[in-house]
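Worksheet: one structure, shown below.
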Amino acid sequence: MRADIGIALDGDGDRVVIIDESGHLIDGDQLLAVIAESWSADGRLAGDGVAATVMSNLGLERYLTDIGVKLVRAQVGDRYVLDQMRSNGFNVGGEPSGHIILSDYTTTGDGLVTALQLLAVVKKLNQPVSKVCHRFDPLPQIMKTRAL
């Protein structure tokens, strides 16, 4: 379609997936990195940190550490992310699935709000989505499920 960006929301709109101009998927970890870096630079990142889940890539944690932003991990699930955000005084948290909570605007995940924040950064930096949204190279990881 020669689009600059693709934005897809899930059925209830609490998750967002971004596709860059080359058709590559941008996951929630990259979105967290983009928003955290932008908000930190603007003095808007509360608590100088972000809450993510145990499923978030180690590359995200290393990237945030390198730019002076701490990452606190929560169990998988938005309620656990929100608990960590509240406990640590953070206003940004989320999951690799694109379920991002920006508590300056809402106390739940909101894909449209997340997409608008990303678009603001793209506009501010005046760069293609692929460049704006590639903040770190994800490290290889294995997801294991424990038997109940």
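The values are calculated or read from the model by the stated rules, or taken from the named source; none is laboratory data. Computed from a prediction, not measured in an experiment: that's the story for all the values here. Positions of Cβ are backbone-derived with ideal geometry, glycine not excepted, and every protein chain shown enters the neighbour counts. Areas reflect the complete protein model, heavy atoms only, side chains present, ligands, DNA and RNA absent. Shrake-Rupley method; radii C 1.70, N 1.55, O 1.52, S 1.80 Å.
Within the stretch 1-25, the residues that satisfy the criterion of being acidic (Asp, Glu) and closer than 22 Å to Pro128 by Cβ are Asp4, Asp20, Glu21.
Please determine, by comparing only the residues of the stretch 8-23 that are open to solvent by 80 Å² or more (accessible area, probe 1.4 Å) and in contact with a strand residue (DSSP E or B) (Cβ under 9 Å, 6 or more places away or on another chain), which one is farthest from Thr107 (Cα to Cα). That would be Leu9.
Inside the stretch 104-135, can you point out the residues that are out of contact with any Asp or Glu (no Cβ under 8 Å at 6 or more places or on another chain), of a type outside the set (A, V, I, L, M) and either surrounded by 18 or more Cβ atoms within 10 Å (Cβ to Cβ) or in contact (Cβ under 8 Å) with a residue 40 or more places away in the chain (or both)? Lay out the reasoning, then the answer.
Taking the stretch 104-135 and keeping what is out of contact with any Asp or Glu (no Cβ under 8 Å at 6 or more places or on another chain), we get 104-107, 112-127, 131-132, 134.
Then keep just the ones that are of a type outside the set (A, V, I, L, M); that gives 104-107, 114, 117, 123-124, 126-127, 131, 134.
Within the stretch 104-135, Asp104, Thr114, Gln117, Lys124, His134 qualify.
Strands (runs of 3 or more DSSP E) fully within the stretch 1-111 that include at least 2 residues being over 13 Å from the mean Cα position of the chain (by Cα): 6-9, 70-74. All of Val92, Val34 fail the test of being farther than 22 Å from Asp12 by Cα, touching a Leu at 6+ places or on another chain (Cβ under 9 Å) and either open to solvent by 80 Å² or more (accessible area, probe 1.4 Å) or not polar (S, T, N, Q) (or both), apart from Val34.
Within the stretch 135-146, is there a residue that is at negative phi and not in a loop (DSSP other than H, G, I, E, B)? Within the stretch 135-146, not a single residue is at negative phi and not in a loop (DSSP other than H, G, I, E, B).
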